[in-house]
Amino acid sequence: MVVVVAAAAVAVLTMCGCLKEGDESILLPVRNSTIPYEVLPAEMQDSLRQWMDINEGGYPAKIEGIYTVKPMELVYASDGYEWEDFHDLNWRIQEQNDRNFATYTEWQTMANGTGREAHVIGDGKKFTVWTVEDVVNEADGWSAELVTIVSGKLIDQRVTEFGYGIVMRNKVDEDSVLISPDFYRVFTDKDGFCIRRED
Amino acid sequence: MMVAAVVVCHAQDEDVEAAEYEPRYLSAGFRVGSSVGDVRLSAECYDEYDHVWAARPAGSVWMHYRTPFGLGLRPEVAYIGRGTRLQWADVDYTMTVHTLNIRLGITWNFKLKNTKFSPYLIAAPSWLIALGGKVTYKALDVEEVEMPLTTASVAKQDVRLFAGAGFEMPIAAGNTAVILSLEAGYAMGFLETFTALEHSGELTVLNRTLDTRPAAGDRKWQGIEVTFGVGMPFGPKIVKKRPSLKKILEN
């Protein structure tokens with residue numbers, strides 16, 4: 001009995017140091033029902049809500065498809081920007097799965113947009129898509145981190161109550177060609193809805 | 001002299017019988033088998049996940065001290081593989097932990113008449129040390145990740161209670177006996193196995209996406225163990241009270 005206990009003690013003391021020190025882990029994703037505050041602070045979301053809907057909830061409708069915003073209209077620019085003539089915007093949602101992860105692509109004149117990770121939140125027909133994009137323009141010497149928010153209500157093949165918001169989070173922009181961080185612009189479809197073209 | 005001869009012969013018969021069927025105070029041996037385990041996650045945000053119980057090997061060395069009235073003590077040093085698999089939509093998460101268990105089992109053996117077969121119950125508080133392991137993670141938005149477990153991703157220690165039942169069957173082997181046994185039971189962990197770093201999120205997240213969050217609630221282990229054991233008795237025999245000489249000579 002003494003020998004067994006002693007052997008156990010030696011084994012324990014030897015094994016105690018086996019688990020290595022580290023600073024990495026793999027965390028479980030969870031269902032989003034709001035735009036996380038680390039993506040967009042609460043004050044920013046409250047400010048955006050004056051100009052567009054941010055529909056919350058964990059169970060939005062499936063909104064896969066290509067949508068066209070035509071004509072695109074500026075609703076509000078927090079930096080005072082004014083303009084009227086915008087190119088039509090196309091946006092696409094693909095691979096929306098049960099945890100509301102999807103791929104979001106947008107393009108205007110040329111269909112060369114790159115799909116990026118996006119998340120869909122909402123309740124029933126009302127939805128909000130949010131995504132974070134890192135944009136680099138080496139030719140013009142700037143890079144930026146943008147949050148894009150697209151919201152609306154899907155009824156048949158149309159999205160009504162449509163809103164499209166861009167928020168600047170961070171940028172490297174020596175020539176100051178971009179809006180400053182924490183400023184945003186909100187657009188809508190002048191017709192009041194955007195059409196779903198195809199899945 | 002004839003009476004003495006009868007007594008000696010009777011005693012010798014009892015010795016053979018005791019060596020084959022009567023337990024001794026002490027026995028020692030090993031167990032091998034399987035542990036089928038999972039985790040209990042207390043936070044509601046993890047309710048979406050489907051749990052797949054994962055089977056891993058288990059083995060131990062033990063000693064058993066028995067008392068004449070059925071109660072026994074069984075200290076044990078065990079290797080138990082723990083694991084879980086969590087799935088949700090495109091997310092596939094698998095964790096394997098290698099653990100060293102130090103157990104102190106309290107047993108109760110039932111002696112059945114006219115049979116060597118002996119069922120028993122066991123309850124064993126355990127102290128568990130994580131030795132290592134790994135996590136694999138797959139999802140649409142993340143390249144498959146495999147990560148060795150470290151102090152950042154699993155708690156070093158746990159306290160568990162194992163409760164189970166089994167049966168023993170001594171088999172005569174020469175002048176001694178080999179005790180075969182089969183045991184099954186449930187083990188429940190009591191300590192939190194998420195780390196403080198996982199709760200705070202202040203660490204490198206290898207699968208970081210826009211919907212990964214710091215760990216919420218508790219993560220505790222549970223599992224079923226089924227093992228087959230082999231043991232050898234040794235030490236003094238647990239001998240029944242011998243009848244008096246007067247009783248031997250009575251008609």
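Listed by first and then second residue, the pairs linking a residue in region A:155-183 that is on the phi > 0 side of the Ramachandran plot to a residue that is buried (at least 18 other Cβ atoms within 10 Å of the Cβ) and not in a strand (DSSP E or B), with Cβ atoms under 9 Å apart and 6 or more places separating them unless they lie on different chains, are A:Glu161/A:Met52; A:Glu161/A:Asp53; A:Glu161/A:Asn55; A:Asp182/A:Met44; A:Asp182/A:Ser78.
Count of region B:1-39 residues, restricted to those that are surrounded by 15 or more Cβ atoms within 10 Å (Cβ to Cβ) and modelled with pLDDT of 90 or more, is 13. Inclusion of A:Thr114 among residues that are surrounded by fewer than 21 Cβ atoms within 10 Å (Cβ to Cβ) and either outside any strand (DSSP E or B) or modelled with pLDDT under 90 (or both) is warranted.
Screening region A:30-62 for residues that are part of a loop (DSSP other than H, G, I, E, B) and of a type in the set (Phe, Trp, Tyr) and picking the one that is surrounded by the most Cβ atoms within 10 Å (Cβ to Cβ) gives A:Trp51.
Taking strands (runs of 3 or more DSSP E) as the structural unit, those lying wholly within region B:80-176 and holding at least 3 residues that are away from every other protein chain (no Cβ under 14 Å) and buried (at least 21 other Cβ atoms within 10 Å of the Cβ) correspond to B:157-173. Each residue in region B:71-86 was checked for being in contact (Cβ under 8 Å) with a residue 60 or more places away in the chain and not β-branched (Val, Ile, Thr), and 1 pass. When region A:158-197 is filtered for residues that are within 24 Å of A:Ala144 (Cβ to Cβ) and of a type in the set (Ser, Thr, Tyr), the ones remaining, listed by number, are A:Tyr164, A:Ser176, A:Ser180, A:Tyr184, A:Thr188. When region B:201-211 is filtered for residues that are open to solvent by less than 60 Å² (accessible area, probe 1.4 Å) and either touching a Leu at 6+ places or on another chain (Cβ under 6 Å) or more than 8 Å from chain A (Cβ to nearest Cβ) (or both), the ones remaining, listed by number, are B:Leu203, B:Val205. Quick one: in region A:63-105, of everything that is more than 14 Å from chain B (Cβ to nearest Cβ), buried (at least 18 other Cβ atoms within 10 Å of the Cβ) and small (Gly, Ala, Ser), which residue is farthest from A:Met52 (Cα to Cα)? In this case the residue turns out to be A:Gly65.
Among the residues of region A:83-94, those that are in a loop (DSSP other than H, G, I, E, B) and within 17 Å of A:Gly165 (Cβ to Cβ) comprise A:Trp83, A:Phe86.
Residues that are open to solvent by less than 10 Å² (accessible area, probe 1.4 Å), modelled with pLDDT of 95 or more and polar (S, T, N, Q): does region A:129-147 have at least one? Taking every residue of region A:129-147 in turn, none turns out to be open to solvent by less than 10 Å² (accessible area, probe 1.4 Å), modelled with pLDDT of 95 or more and polar (S, T, N, Q).
Go through region B:226-251 and give me each residue that's under 16 Å from B:Ser118 (Cβ atoms) and either modelled with pLDDT under 85 or open to solvent by less than 80 Å² (accessible area, probe 1.4 Å) (or both). Within region B:226-251, B:Gly229, B:Val230, B:Gly231, B:Pro233, B:Lys237, B:Ile238, B:Lys240 meet the criteria.
Against the numbered list (1) over 24 Å from B:Val178 (Cα atoms); (2) over 15 Å from the mean Cα position of the chain (by Cα), B:Gly72 comes up short only at (1).
The values are calculated or read from the model by the stated rules, or taken from the named source; none is laboratory data. Note that this is a predicted model, so its numbers are computed, not measured. Heads up, the Cβs are rebuilt from the backbone with ideal geometry, glycines too, and the neighbour counts pull from every protein chain shown. Each accessible area value is taken on the protein alone, full model and side chains, heavy atoms only, with ligands, DNA and RNA left out. Shrake-Rupley method; radii C 1.70, N 1.55, O 1.52, S 1.80 Å.
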